[in-house]
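Below is one structure; the comments refer to it alone.
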Amino acid sequence: MTRKAVDRLGVVQQVVEQQLRQKEAARQLGLSVRQVKRLVARYRAEGPSGLVSRRLGRRPGNALSDAARQEALGLVRTHYPDFGPTLAREKLAAHHGHKLSAETARAYMETLRAYLTRHGRPVALYSDKHSIFRVNRPDREGELAQFARALRTLDIEPIHANTPQAK
């Protein structure tokens, strides 16, 4: 069970046991009261496993196919190897018809894997404050981006540069 599902389980159990109102549960989970009602119904019908997301393990509907992704990354490596991700993304869209996010054109996870294979695990990773490295929203303070979670799992300390010159 994921951490999110475990948190949901405790809150939904409190609602079922009438120790917590649905409105308060909705606030704690960041959901609507209607969604809390759905979770309670699924919990009663299926038990704790009913709280696990139905989408868990599935590929997102807007995900780029592996073939298209490899083609785009190949074009970047061939034609734009010294471009930053934003400019590379713009050139791919203008000249090759590929519309990607800057994060896809950076391919951070693949780059990290290649680095680890070639050089081993670093103690720290020095980066800018781009949203791939950290959540840059005040309302989500302390929340980790996917790449930051990967670094934590690998016990690599992220260090964020405060100025562009520091990078």
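We did not get these values from a lab; they are worked out from the coordinates using the rules stated. What you are looking at is a predicted structure, and each value in this text was computed from that prediction instead of being measured. For neighbour counting, all protein chains shown are included, and Cβ atoms are generated from backbone atoms with ideal geometry for every residue, glycine included.
Summing charges over neighbours of R44, with a neighbour being any other residue whose Cβ is under 13 Å away from its Cβ, gives +1 when K and R count +1 and D and E count -1. In a simple Cβ point-charge model (Lys, Arg +1; Asp, Glu -1; nothing else charged), the stretch 19-114 has a dipole of about 800 debye relative to its Cα centre. For the pair the stretch 13-36 / the stretch 48-99, the C-alpha centres are spaced 37 Å from each other.
For the stretch 1-80, trypsin sites (Lys or Arg not before Pro) are listed when DSSP marks them as loop and at most 12 other Cβ atoms sit within 10 Å of their Cβ; the list is R54, R55, R58.
Under the combined filter of DSSP loop state and at most 16 neighbouring Cβ atoms within 10 Å, the stretch 3-60 retains these GluC sites (Glu not before Pro): E17. Close amide H contacts of L125 (hydrogens built in the peptide plane, cut-off under 5 Å, sequence separation of 5 or more or a different chain): E157, I159.
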